[in-house]
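Notes to accompany the following structure.
The values are calculated or read from the model by the stated rules, or taken from the named source; none is laboratory data. Keep in mind that this is a model prediction, so the values were computed, not measured. Backbone-built Cβ (ideal geometry, glycine too); neighbour counts: all protein chains shown.
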Ligand code: GDP
Ligand code: MG
């Protein structure tokens with residue numbers, strides 16, 4: 001089984017951290033500064049029976065300039081060339097305009113979209129359900145995974161689910 005998977009989400013939700021964990025090498029650039037990772041960065045996750053190529057799409061945010069507009073369009077076009085899309089949000093923050101901007105654009109994507117609720121290591125278990133409810137009906141998710149990209153919680157489940165679906 002093999003396929004291409006793109007990861008999308010507003011700056012600092014943990015996309016690069018997730019990719020670094022999954023591919024086991026520091027390929028993506030981690031930073032607290034928005035938009036450090038400007039280009040699509042690909043990493044490959046392989047097991048005995050599967051190979052997934054991950055594509056980082058850091059440029060999807062409400063554009064403020066012509067260059068920004070170009071970057072959003074370029075990043076979004078990548079989402080139409082993959083087998084699955086991972087949409088990552090931050091469990092420690094409320095759903096905001098940055099999330100909604102991406103959700104609106106994901107409505108046109110044909111590939112299955114997974115919702116990753118990241119940074120659950122910073123959220124009390126009782127507070128997780130209200131966070132999930134904010135996103136539950138936003139899109140017809142293929143599946144929803146609360147994860148910690150930093151500590152690894154549920155990341156194996158997600159990878160197994162992704163491979164199973166391919
Ligand atoms: P990106 O902009 O979406 O690529 O986000 P980064 O991967 O660069 O992460 C932004 C910040 O969030 C960094 O300081 C990370 O260490 C932190 N971070 C990412 N994932 C997690 C997580 O699961 N838990 C916690 N506590 N912090 C995280
Ligand atoms: Mg990044």
Quiz item: Which residues, counting only those in the stretch 146-160, are surrounded by 16 or more Cβ atoms within 10 Å (Cβ to Cβ) and not in a loop (DSSP other than H, G, I, E, B)?
Solution: 146, 155, 158, 159
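Evaluate the stretch 1-24: report whether one residue or more is more than 11 Å from ligand 1 (Cβ to nearest atom), surrounded by fewer than 19 Cβ atoms within 10 Å (Cβ to Cβ), modelled with pLDDT of 80 or more and not in a strand (DSSP E or B). Even if it seems obvious, please write down each step before you answer.
Pass one, the stretch 1-24, residues more than 11 Å from ligand 1 (Cβ to nearest atom): 1-6, 22-24.
Keeping just the survivors that are surrounded by fewer than 19 Cβ atoms within 10 Å (Cβ to Cβ) gives 1-4, 24.
Pick out the ones that are also modelled with pLDDT of 80 or more and you get 1-4.
If we keep only those that are not in a strand (DSSP E or B) as well, we get 1.
The answer is yes, given that some residue of the stretch 1-24 is more than 11 Å from ligand 1 (Cβ to nearest atom), surrounded by fewer than 19 Cβ atoms within 10 Å (Cβ to Cβ), modelled with pLDDT of 80 or more and not in a strand (DSSP E or B).
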Quiz item: What's the number of the condition residue 55 fails, among (1) modelled with pLDDT of 95 or more; (2) not in a helix (DSSP H, G or I)?
Solution: (1)
Quiz prompt | Among (1) in contact (Cβ under 8 Å) with a residue 24 or more places away in the chain; (2) within 16 Å of the chain's Cα centre (by Cα) - the single one residue 123 does not satisfy | solution = (2)
Quiz item: Does any residue in the stretch 143-158 that is on the phi > 0 side of the Ramachandran plot come within less than 8 Å, Cβ to Cβ, of a residue that is within 12 Å of ligand 1 (Cβ to nearest atom) and part of a helix (DSSP H, G or I) six or more places away or on a different chain, and which pairs are these?
Solution: 152/21; 154/120
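Quick one: is residue 75 in a helix (DSSP H, G or I) and either exposed (fewer than 13 other Cβ atoms within 10 Å of the Cβ) or at pLDDT below 80 (or both)? Walk me through how you get there before you give the answer.
Numbers: in a helix (DSSP H, G or I): yes; either exposed (fewer than 13 other Cβ atoms within 10 Å of the Cβ) or at pLDDT below 80 (or both): yes.
Here the answer is yes, as residue 75 does meet what is asked.
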Practice problem: Only residues that are in a loop (DSSP other than H, G, I, E, B), within 14 Å of residue 6 (Cβ to Cβ) and in contact with a strand residue (DSSP E or B) (Cβ under 7 Å, 6 or more places away or on another chain): list them for the stretch 86-131, please. | Solution: 109, 111, 112
